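Here, each number is a calculation from the coordinates, and none is a lab measurement. Just so it is clear, the model here is predicted, and its values are computed rather than measured.
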Amino acid sequence: MQFPAQVYGSSPSNLTLTNNFQTATFSVSAAWNATLGPRYVALTASDGQVAISAHVRVVVVEASAPFVALGFSSVIILGGLILYMRRPKKPKIQSVKKTRR
């Protein structure tokens with residue numbers, strides 16, 4: 001959706017409106033012990049003269065990526081341990097006595 005820039009009420013004389021769009025990227029993370037469910041976050045943008053806030057609904061869900069990473073690292077460690085334990089043993093070398101003729 002696109003909304004044209006508008007000012008309601010009287011505006012400062014040095015304030016000009018343009019329809020130039022800006023891209024903003026943000027990241028929201030929750031603590032490990034946060035309860036699951038919706039939360040509301042206020043995002044505020046300012047250019048030094050004007051500030052605007054937008055209230056955004058975010059939903060806290062369980063993250064599966066750490067568990068998957070833990071699973072992969074566990075498999076790698078166990079595999080390395082198994083390969084180490086099953087390595088071939090070094091052959092025993094017996095010394096040969098030389099006989100004189």
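Summary table below
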quantity	calculated
Nonlocal amide H pairs with residue 60, under 5 Å, H built at 1.01 Å	37, 39
Contour excess over end-to-end distance, with Cα ends at residue 97 and residue 26 and 0.36 nm allotted per residue	17.7 nm
